[in-house]
1. What number of residues within the range 310-319 satisfy the criterion of being more than 10 Å from the ligand (Cβ to nearest atom) and in a helix (DSSP H, G or I)?
2. Check the range 215-226 and report whether any residue there is open to solvent by 40 Å² or more (accessible area, probe 1.4 Å) and modelled with pLDDT under 90.
3. Specify which of the listed residues (Glu148, Glu170) is outside the structural domain of Arg368 (by TED's automatic domain parsing), closer than 21 Å to Met306 by Cβ and more than 13 Å from the ligand (Cβ to nearest atom).
4. Answer with yes or no whether Val298 is within 16 Å of the ligand (Cβ to nearest atom), under 20 Å from Ala323 (Cβ atoms) and either open to solvent by less than 10 Å² (accessible area, probe 1.4 Å) or under 26 Å from the mean Cα position of the chain (by Cα) (or both).
5. Here are some conditions: (1) of a type outside the set (Gly, Ala, Ser); (2) open to solvent by 40 Å² or more (accessible area, probe 1.4 Å); (3) touching a residue at least 12 places away in the same chain (Cβ under 8 Å). Pro176 meets all but one. Which one does it not meet?
6. Which pairs have Cβ atoms under 7 Å, sit 6 or more apart or on different chains, and link a residue in the range 346-371 that is in contact (Cβ under 8 Å) with a residue 24 or more places away in the chain to one that is assigned to a strand (DSSP E or B) and open to solvent by less than 60 Å² (accessible area, probe 1.4 Å)?
7. Taking the range 324-345, which residues are without any contact (Cβ under 8 Å) to a residue 60 or more places away in the chain and within 14 Å of the ligand (Cβ to nearest atom)?
8. Please report, ordered by residue number, the strands (runs of 3 or more DSSP E) entirely within the range 188-289 with at least 2 residues that are within 15 Å of the ligand (Cβ to nearest atom) and within 21 Å of the chain's Cα centre (by Cα).
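The values are calculated or read from the model by the stated rules, or taken from the named source; none is laboratory data. Note that the structure is a prediction, hence the values are computed from the model and not measured. Backbone-built Cβ (ideal geometry, glycine too); neighbour counts: all protein chains shown. For the accessible areas, the whole protein counts, side chains as well, though only heavy atoms, and no ligand, DNA or RNA atoms are used. Shrake-Rupley method; radii C 1.70, N 1.55, O 1.52, S 1.80 Å.
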Amino acid sequence: MASETPDMETVAQALKQVAEDGKMFMNNDPSAREKLVASARALVLAAETPMDSLLWHVWALPTRTAAARIAVDLKIFETAVDNGGCPKSSDDLAAATGAAPTLVKRISRALVSMGMLGEQGPDLYIPNSFTKLLANREYGAGIIFNFEINMASFTKLPEYLRNTKFQNPENARDGPFQYANDNKPAFSWLVERPELFEAFHLYIHALRQHRPSWTSMYPAQARLVEGLKLDGDASAFVDVGGSVGQILQDFRAEVPQYTGRLVLQELPEVVAAATAKSVGADGRIELQAHDFFTPQPVRGARAYFMRTVLHDWPDAQCRQILAQLKDAMEPGYSRILISDCAISDEKAAWQHVSMDIFMMNQVSSRERTEREWRELIGSCGLEVTGIYNKGDGNEGLIEAILPL
Ligand SMILES: C[S@@+](CC[C@H](N)C(=O)[O-])C[C@H]1O[C@@H](n2cnc3c(N)ncnc32)[C@H](O)[C@@H]1O
């Protein structure tokens, strides 16, 4: 049986690391916060007994996931921040939905023990900074998305893999998601559920606001603006699978000297959502319903941009998407810009690893290493001309061209 006593030497090392990283953090070193979080996590693991770790895994993690989802329905986060975040009892929190105060109390104290809500005394709750984030509808949408989409098929993933004799899922139309969800392709399934589809887009939008922008790592002036042809399709920056237009709005603000056309291509339902948000209203951003498995209508554009689009698809479908772009590209002039992560060969960031398993679960796809990206893109007759990164665990930017 594993020892019940943590190894003191390991704990001492972990403590020393926390102290060093903590000092850098207190000295306002901008790179220190993430290091401190990582070393503090390592300290918790070092100090836990194996049984502590097992109980955290078996008891705490499912409780946290379920309690958070229920709390969104019970509007606990929103209610907790109301009236300046004044302390509230479970009776006060329950009033928002008419739920039983006893139930609200049980969920609230679970939230407190998992750090999602603060507590000021017996049955008296106050918001902490995480509560305040989750009170915002866009961030709460992440909890809905995770529970209704990821968790529902995660519960079936082991069974699916056993049934397939543990083959790596590679078929976007017949994989773990379909096994758990009536054999539907993931995006069709989502489109048929407008509330979840909205939660998905709200969450993606919120998530992006906290990741370094691709323009902060890519030399847009040198690679896109200089040499830009200003007439027709050649002037276009096309955001393929661009959601409701935030990427183009950010690009417009971050690279205002790009004076070419800005084109958002998406599924018709998403174009409708972008229209409802007045994304194309001032005429600067053009909205186009377009299926990226069909011929690309904007020919010879300056850039075809895709953020977290290719990671949604196995290699076979990525080749089809890239082939449609390749057919439209002007050799040497057009660029494909792929904003996705390049997962490390060793000590991969937890964000990348989680996303990799999510992608397997949802769409039989995966995150790719730099070598896998080069192989995939090269197999389509395209050439990788740069890979840009900023910080561990973020998406990078891969540039590819059709050689002359
Ligand atoms: C993970 S989301 C990324 C959205 C956006 N690029 C971003 O980073 O915020 C993938 C997007 O691909 C779109 N999509 C899926 N299938 C598509 C298709 N066949 N043609 C065009 N867009 C599609 C989805 O609607 C979704 O918005």
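1. Our first condition is that a residue be more than 10 Å from the ligand (Cβ to nearest atom); within the range 310-319, this holds for 314-316, 318-319.
With the extra rule that they be in a helix (DSSP H, G or I), the set shrinks to 315-316, 318-319.
Counting residues in the range 310-319 that are more than 10 Å from the ligand (Cβ to nearest atom) and in a helix (DSSP H, G or I) gives 4.
2. First pass over the range 215-226, keeping only residues open to solvent by 40 Å² or more (accessible area, probe 1.4 Å): 216, 219, 221-223, 226.
Those left that are additionally modelled with pLDDT under 90: none.
No, every residue in the range 215-226 fails to be open to solvent by 40 Å² or more (accessible area, probe 1.4 Å) and modelled with pLDDT under 90.
3. Details: Glu148 fails: closer than 21 Å to Met306 by Cβ.
Answer to the check: Glu170.
4. On the way: within 16 Å of the ligand (Cβ to nearest atom): yes; under 20 Å from Ala323 (Cβ atoms): yes; either open to solvent by less than 10 Å² (accessible area, probe 1.4 Å) or under 26 Å from the mean Cα position of the chain (by Cα) (or both): yes.
Against the criterion (within 16 Å of the ligand (Cβ to nearest atom), under 20 Å from Ala323 (Cβ atoms) and either open to solvent by less than 10 Å² (accessible area, probe 1.4 Å) or under 26 Å from the mean Cα position of the chain (by Cα) (or both)), Val298 qualifies.
5. Failing condition for Pro176: (2).
6. Cβ pairs passing all conditions: Arg368/Ala342; Thr369/Ala342; Glu370/Ala342; Glu370/Ile387.
7. Pass one, the range 324-345, residues without any contact (Cβ under 8 Å) to a residue 60 or more places away in the chain: 324, 327-328, 340-345.
Correct list: Gln324, Asp340, Cys341.
8. Numbers: elements: 237-240, 262-266, 285-289.
In the range 188-289, 237-240, 262-266 are the strands (runs of 3 or more DSSP E) which contain 2 or more residues that are within 15 Å of the ligand (Cβ to nearest atom) and within 21 Å of the chain's Cα centre (by Cα).
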